[in-house]
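Worksheet: the structure to be examined is printed underneath.
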Amino acid sequence: MNITEVEDYLKSINIPYTGEISNNDSYVIDLSNSNDYGKVYSILDKSEDLDLLDDNQVVTEQGSSLIYESDSTNYMVNLIADWDSNKYQVVINEI
């Protein structure tokens, strides 16, 4: 995964956060709090380039995982929340 290409893609869909490549070759953005999670959710939900994969979403009292797939690139964006531990992430993978 090319970090510059991912960050350019994030800019193109108006995600104002940056992250780093993880050990499993995903690009991971650690969000500071639920407000940042809400901002990213709003951006992803409004994006015309992304489709929410309804069959793959999980929302429980403990957390959520919402997966979006890009129409124009080979990226999948997973918005993750762990409500109990206040951990929020955006994980980008190539498909």
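We did not get these values from a lab; they are worked out from the coordinates using the rules stated. Because the structure is a prediction, the values reported are computed rather than measured. Cβ: placed from backbone, ideal geometry, glycine included. Neighbour counts: every protein chain shown.
Helix-only mean residue ellipticity at 222 nm, the chain, DSSP H runs n ≥ 4 weighted -39,500 (n - 2.57), per residue, nearest 500. What is it? Let's see the in-between values first.
On the way: 2 runs with 23 residues, N = 95.
So the helix-based figure for the chain works out to -7500 deg cm²/dmol.
So how much slack lies between T60 and E94, counting 0.36 nm per residue of separation and subtracting their Cα-Cα distance, in nm?
9.6 nm
Can you list the aspartates and glutamates whose alpha carbon is less than 16 Å from that of K46, not counting same-chain residues fewer than 8 positions off?
D36, D54, E69, D71
Run through the chain and list the chymotrypsin sites (Phe, Trp or Tyr not before Pro) located in a DSSP loop whose Cβ has at most 15 other Cβ atoms within 10 Å. Before the final figure, lay out each step's value.
Details: sites: Y9, Y17, Y27, Y37, Y41, Y68, Y75, W83, Y88; in loops: Y17, W83.
Of the chymotrypsin sites (Phe, Trp or Tyr not before Pro), the ones in loops of the chain whose Cβ has at most 15 other Cβ atoms within 10 Å are Y17, W83.
Once both axes come from the Cα atoms, what is the angle between helix 34-46 and the longest principal axis of the chain, in degrees from 0 to 90, rounded to 10?
Between the helix axis and the principal axis of the chain, the angle is about 50 degrees.
If you average the C-alpha positions of the range 2-54 and of the range 65-94 separately, how far apart do those two centres end up, in angstrom?
For the range 2-54 versus the range 65-94, the Cα centre distance is 7 Å.
Report the far tail of the P(r) of the chain, meaning the percent of Cα-Cα pairs longer than 16 Å. Let's see the in-between values first.
Numbers: 2282 of 4465 pairs.
That fraction is 51 percent.
Looking at the range 30-74, which GluC sites (Glu not before Pro) are in a loop (DSSP not H, G, I, E or B) and have at most 14 other Cβ atoms within 10 Å?
Numbers: sites: E48, E61, E69; in loops: E48, E61.
Here the sparse-neighbourhood loop sites are E48, E61.
Sequence gap at least 6, Cα distance under 8 Å: using those rules, report the relative contact order of the range 3-94 to the nearest whole percent. Kindly include the intermediate steps, with their values, before the conclusion.
Values: 153 pairs, mean separation 24.2, N = 92.
Rounded, it is 26 percent for the range 3-94.
Need the list of lysines near K87 for cross-linking: C-alpha distance under 18 angstrom, and skip anything on the same chain fewer than eight residues off.
Correct list for K87: K39.
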